[in-house]
Amino acid sequence: MQSIPRPEYPRPQFSRPTWMNLNGVWQFEIDHGASGRSRGMVDRELHGTITVPFCPESTLSGVGYTDFMAAVWYRRSFTLPEEARGQRVLLHFGAVDYRCEAWVNGRSVGTHEGGYASFTFEITDALQAGENTLVVCADDNQRGGRQPFGKQSEKYESHGCSYTRTTGIWQTVWLEWVSPVYLRNVRLIPDAQNGALYLDATLDGDARGMELAAEASFAGEHQGCAKAYVDGNHARLCLKVKEARLWAPGSPNLYDLKLTLAKDGRTVDAMDSYFALRTVSFAGKKCLINGKPVFQRLVLDQGFYPDGIYTAPSDEALRGDIEMSMAMGFNGARLHQKVFEQRYLYWADKLGYLCWGEMASWGIDPARPHTMTVFLREWLEVVNRDFSAPCIVGWCPYNEVWHESNEGLRELTLQMTYRATKAADPTRPVIDTSGGLHAETDIYDTHDYEQDPAVYQERYRPGAQLYDRFDGRQHYAGGPMFVSEYGGIRWTDKPDGWGYGVAPTSREEFLSRYEGLTMALLNNPEHMGFCYTQLTDVEQEQNGLYTYERVAKFPPEVIAEINRRPAAIENDG
């Protein structure tokens, strides 16, 4: 019997036992003219096969086709277990790039636009007894100017810091069966100062007369419980814990949480979850985690894999990337130009690893009027999906946006996106655009790939005047600050490898440069963090601290010794 690829439960913070993984071999066909609907592809067998959840560009998919694909089609059958009879059945997609439509037994069950957000279709009414047929079409017009694509190359070939594209399904597809009334969304809001957790739950179905109960435990020991009656289709409650154990970098204290929806003493729905108590705040230019200054020693993580492209080959690989980073002394990452899957955030939560949630903003211009309907809609879906993850300590929707044209509209879009993000999540800081034009932001950040440590140390010496960057296009207006991209030091034996600046000629020169650049930022008492580019090589970009195959280029303990040196801003004085 063939094993299912990526078999683990895809939504670990809110889990039910009633589910079915649909990963594995599907029928598959490329639709170069995006004309499959007219040609009857919904109703016929497809001519090839693919291994889901890997994109057709990847080797793990079994397809390995890397040219542009206007649309791709998938088809498979499934039979629900007897326990699903009489239940509502939900079809979940971790992510599909870019516009997805699904049919069950020839009936369209929903559409979704956006290549990075997770989404769900209810398919209950389309099901039949016995075997059912699921068909999925993904349209991917990357060169149309109306969809964000992050670091996916807009050319046939990969180039610079743009890599192999991802088309179609690239995260787990799964079924879940639930009761007629179920918990559709739960937001967990920690209140570490008061040793409490606030829950805001949204229910689907007729929830009159129902009660939501939440029970917390830590390492198997009961910590508290709370109950609240449902108000309409919402339930809000406050759960106080017996002992407040705080989550912090390297100290991943997580509470287990059991959620139970009941009516007249009968369980209607139940979920297993977890949460953490931690705060993110600022005091002057210091970033505080749980009231203590923490210098954010971040690394840029692109989330690409040689064999899976956007998709990690295994759950162990997701955990392994975090452990590789921590071994080099980093305490977190910018999850760069890609929305990472929920299993990655789960491991970051479990390991005590800080994350900045980002959107794949490249490919869409904030100055175009359709941006707010295309980009912002999906971005808010992402914020809502990952709202409860303890590891996420900030949001950044855009990367390196400037004001070359339509300056007023571009700035307005950035400001509106910032404010919409703050409205969706007032608990975390938001950077409007990393390293670019700041219209409204909680933190001023800049990207600086200067390779000369002497220049860097002068530029970032204690007491130096903060400056305008890039011929005045970036202006510091006060508040917390950090260099959110630096380094990018090229180290490779490949003659065509790409990286920033002139490559060092020896390992000793590399380490000397790394130390000089990094210490300039650690020693500046006005900087709250840094983000080094980058964790691994990606295809032709050869400036990773690890190769694309995850082999360390330098002893991790040598890099860690530099990164872990005390930062000036962590001084409590």
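Worth pointing out:
- Amide H contacts of Gly168: Asp97, Tyr98, each under 5 Å away and 5 or more positions distant or on a separate chain (H built 1.01 Å from N in the peptide plane; Pro and chain starts excluded).
- Taking Lys and Arg as +1 and Asp and Glu as -1, the other residues whose beta-carbon sits under 14 Å from that of Tyr229 total +1.
- Relative protection proxy for 344-352, 328-336, from highest mean packing down: 328-336, 344-352 (other beta-carbon atoms within 10 angstrom).
- The alpha-carbon atoms of region 1-111 define a convex hull whose volume equals 137 cubic angstrom per residue.
- In the frame of its principal axes, region 208-364 has Cα extents of 53, 38, 35 Å, reported largest first.
- Note on region 58-97: Cα Rg divided by 2.2 N^0.38 Å, N the number of residues, gives 1.74.
- The local environment of Glu122, defined by Cβ-Cβ distances under 14 Å, has a net charge of 0 under the rule Lys, Arg +1 and Asp, Glu -1.
- Distance cut-off 16 Å, percentage of C-alpha pairs in region 529-573 lying past it: 48 percent
- Rounded to whole Hz, the Karplus (6.51, -1.76, 1.60) HN-Hα couplings of region 561-568, x for glycine and proline: 4, 6, 4, 8, 5, x, 9, 4
- Karplus (6.51, -1.76, 1.60) ³J(HN,Hα), θ = phi - 60°, over region 307-319, in Hz, Gly and Pro reported as x: 9, x, 6, 6, 10, 5, x, 7, 5, 4, 5, 4, 4
- The string of couplings for region 188-205 from the Karplus curve (6.51, -1.76, 1.60, θ = phi - 60°) is 10, 10, x, 10, 5, 4, 10, x, 9, 10, 9, 10, 10, 10, 10, 10, 10, x Hz, one whole number per residue in order, with x for Gly and Pro.
- Stokes-Einstein diffusion coefficient of region 362-411, Kirkwood radius over Cα pairs, 25 °C, 0.890 mPa s, in µm²/s: 198 µm²/s
- Over region 466-573, the fraction of Cα-Cα pairs per 5 Å bin, rounded to whole percents and listed from the shortest bin up, is 2, 11, 19, 22, 17, 13, 10, 5, 1, 0.
- Within the shell of other residues whose beta carbon sits under 12 angstrom from the beta carbon of Asp139, the net charge comes to -2, with Lys and Arg scored +1 and Asp and Glu -1.
- Å³ per residue enclosed by the Cα convex hull of region 128-169: 102 Å³
- Alpha carbon Rg of region 271-336, scaled by the compact-globule rule 2.2 N^0.38 Å: 1.42
- The H on the amide N of Phe282, modeled in the peptide plane, is under 5 Å from the matching H of Leu288, each at least 5 residues off or on a different chain.
- 5 Å binning of all Cα-Cα separations within region 343-501, expressed as whole percents from 0 upward: 2, 8, 16, 18, 17, 16, 13, 9, 3, 0
- The residue among Val374, Cys396, Gly195 whose Cα reaches farthest toward the positive pole of the charge dipole of the chain, with charges on the beta-carbon of Lys, Arg, Asp and Glu, is Gly195.
- Pairwise centroid distance, computed over Cα atoms, of region 159-223 with region 347-403, Å: 18 Å
- The calculated Kirkwood hydrodynamic radius for region 104-152 is 13.3 Å, given to one decimal from all distinct C-alpha pairs.
- Computed log10 I(q)/I(0) for region 78-120 at 0.31 Å⁻¹: -1.10, from the Debye equation with unit scatterers placed on every C-alpha and solvent omitted.
- Rg over Rh for region 83-196 works out to 1.10, using Cα positions for both radii and the Kirkwood form for Rh.
- Kirkwood's formula applied to the C-alpha pairs of region 192-265 gives a hydrodynamic radius of 13.3 angstrom.
- Alpha-carbon Debye profile of region 392-455, log10 I(q)/I(0) at 0.19, 0.29 Å⁻¹: -0.69, -1.23
- For region 1-60, the fraction of 1.4 Å probe accessible surface lying on carbon and sulfur atoms is 57 percent.
- Note: relative contact order over the chain, using C-alpha pairs below 8 Å and six or more positions apart, is 12 percent.
- The H on the amide N of Thr536, modeled in the peptide plane, is under 5 Å from the matching H of Gln302, Leu545, Tyr546, each at least 5 residues off or on a different chain.
- Rg followed by Dmax, in Å, when the chain is reduced to its Cα trace: 24.0, 74
The values are calculated or read from the model by the stated rules, or taken from the named source; none is laboratory data. Predicted model, so just to flag it, every value in this text is computed and none were measured. Note: ideal-geometry Cβ built from the backbone for every residue, glycine included; neighbour counts use all protein chains shown. To get the accessible areas, we keep the full protein, side chains included, count just its heavy atoms, and leave off ligands, DNA and RNA. Shrake-Rupley method; radii C 1.70, N 1.55, O 1.52, S 1.80 Å.
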